[in-house]
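Please treat every number below as a calculation from the coordinates, not as lab data. As the structure is a computational prediction, the values presented were derived from the model and not from experiment. Don't worry about glycine lacking a Cβ; one is built from the backbone with ideal geometry, like all the others, and counts go over all protein chains shown.
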Amino acid sequence: MTQSDTPPDTTVPFRDATSRNGSSYDDSFSGTPLLGGWSMLASSAVVELLLRSGFDWVCLDAQHGQYDDGAVTEALAMTRHLETPVLVRVVANDAAVIGRTLDAGAAGVIVPMVNSAAEAERAVRACLYPPSGDRSRGPFEVHRGRDFPSVEEANASLQIGVMVETARALRNLEEIAAVPGVGFIFVGPLDLSIDLGTTIDDLLDGDGEVIADGERHPGPGGNQLERVVRVCRDNGIGSGIFTTNPDHLAAFRAMGFGRIAAATDVSLLQSAAGDLLAGQGRNRPAG
Ligand code: 3PY
Ligand code: MG
């Protein structure tokens, strides 16, 4: 299957714009997913290129990418004149890290390895100022050179995503999705397939029986990715997923995921360079 073989599913009834934390961002719209560019390379120039390429959002990966605190700050500062939202996948579910990331101007965070409602609550509280959370206020404009949003504006506009990427998270999915303030659940299919002892292709085809170890079976059976989309919809929040594979992108899109990371800067460079050189009769070098 290729992307072009699969027409966009325009029949899926997405929720409308407002998430349960009152956030005004639109994570769902009219049946067309928000396609994201995922940046690993810790370069504000690359982020600007991704933003200008037309992605609906861009995420800086501070967990597995090259972004450290300084690189996140610089990339956010250098691209703040562009309107497309830039999120950060933070290195961990840590209030200090999340606070610094938001102070630097991220439109939101994607928090890895959120396995329970308590962990989702911790992520949300780190993002929101009191009374909804515990975020510390530091509106000193060092990073941003402009006024910080008000407490109310910040609390209402942040895009808070929690990653479901373990069997434990799948078992707790309904509880995680019900945590007030969670704006979207974002599936990490690489970690999820490893933790379930399966593959992404089997997750896509899965009917629950692809998981070899019966004791770790995460839920009531059925396709777990479709279940994520359904549970998110039932809870009025967005659903997202990561890929760099165009076939998987088409399949995730057909499942109704509302926010799909469609490629990384690394995968785009590799595929464009590989295609160009293959067209000139060059083989891809081993390793
Ligand atoms: C995953 O697929 O596990 C991810 O976290 C994507 O980077
Ligand atoms: Mg992961």
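Quick notes on this one:
- 3J(HN,Hα) along the range 262-267: 8, 5, 9, 4, 5, 5 Hz, from the Karplus curve 6.51 cos²θ - 1.76 cosθ + 1.60 with θ = phi - 60°, whole Hz, x for Gly and Pro.
- Net length available on complete extension from residue 48 to residue 194 is 49.3 nm, with 0.36 nm assigned per residue and the Cα-Cα distance removed.
- Cα-based Rg / Dmax (Å) for the range 100-169: 13.1, 43
- Gain upon complete extension [residue 83, residue 226; 0.36 nm per residue less C-alpha separation]: 48.3 nm
- Amide H partners (placed H, <5 Å) of residue 42, local residues excluded: 66, 67
- Whole-number D in µm²/s for the range 39-112 (Stokes-Einstein; Kirkwood sum over Cα pairs; 20 °C, 1.002 mPa s): 182 µm²/s
- In terms of surrounding Cβ atoms within a 10 Å radius of their Cβ, 81, 64 rank from fewest to most as 81, 64.
- Length released on extending from residue 66 to residue 157, taking residue separation times 0.36 nm less the Cα-Cα span: 30.1 nm
- The HN-Hα couplings worked out from phi for the range 122-135 by the Karplus form 6.51 cos²θ - 1.76 cosθ + 1.60 (θ = phi - 60°) are 4, 5, 5, 5, 5, 8, 10, 6, x, x, 6, x, 10, 4 Hz, whole numbers, x standing for Gly and Pro.
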